[in-house]
Amino acid sequence: RELLGRMPVVFPRASFTILDTRSARWLERYGLQIDCCFDGLAALRERIAARLIPADLSARFGTTRQHVEAELQQLRTRLFEFDRTLAAALDRSAAKILYQLSKIERKAAREALRRDERAAREAKMLYNLVFPHKHLQERFYSIVAFLARHGLDFIQRLYENVDLDSPDHLVVEA
């Protein structure tokens, strides 16, 4: 205020993440959104691994979970009529049972990921492109690397995709 004689004008800058065609294809293949990368590499690998479990095994886990939950609910109803304290104890035990079932499902997913090392490499490359060292891409990488890879007309393509009236973070496919 003292330098300018007034407060400076605040104008939000455009914010975006640049995806190459290969990375966009990976997101589509594994049914992921860009924000999945912001939860960390381990979480991204877990999500990809969950997609690699054979469909019949994944369906079996879902069916088993539904049956166990239904049986535990029926047991809880009967226990509640008999003794409320036992029903409360069952609630704690039921949470542990469902946790263990989820845990074995995650282990199966990790095993599927281990078997598919290509998916593990893709997860790592995608994470390092979108959220390198736990920083937004735009805060970590210089535009120079993208210009070298995609050509000088890349700046014009960015301008075409950026909406200055929108404060939303954009995903631009190069």
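The values are calculated or read from the model by the stated rules, or taken from the named source; none is laboratory data. In this text, all values refer to a predicted model and were calculated from it rather than measured experimentally. Every residue, glycine among them, receives a Cβ derived from its backbone with ideal geometry; neighbour counts consider all protein chains shown. Quick note on the areas: whole protein, heavy atoms, side chains included, nothing else; ligands and nucleic acids left out. Shrake-Rupley method; radii C 1.70, N 1.55, O 1.52, S 1.80 Å.
Computed quantities for the displayed model
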| quantity | calculated |
| --- | --- |
| Electrostatic dipole magnitude of the chain [Cβ: Lys, Arg +1; Asp, Glu -1; Cα centre; debye, to 20] | 720 debye |
| Pairwise label distance in nanometres, Tyr99 with Arg51, each label 7 Å out on the Cα-Cβ vector | 3.0 nm |
| Using a Förster distance of 25 Å, the FRET efficiency for His133-Arg65 (Cβ separation, nearest 0.05) | 0.10 |
| Gained length - Ile155 relative to Arg1, 0.36 nm times residue gap less alpha-carbon distance | 52.0 nm |
| Those lysines that a straight Cα-Cα span of less than 25 Å connects to Lys134, excepting residues fewer than 8 apart in one chain | Lys124 |
| Sparse-neighbour loop sites [trypsin sites (Lys or Arg not before Pro); the range 9-50; at most 12 other C-beta within 10 Å; DSSP] | Arg13 |
| Accessible area (Å², per residue) of the chain, counting only protein heavy atoms and a probe of 1.4 Å | 70 Å² |
| Rounded percent of accessible protein surface that carbon and sulfur make up, the chain, 1.4 Å probe | 55 percent |
| Inter-site label distance for Leu164 and Phe11 at 7 Å from Cα along Cβ, in nm | 0.6 nm |
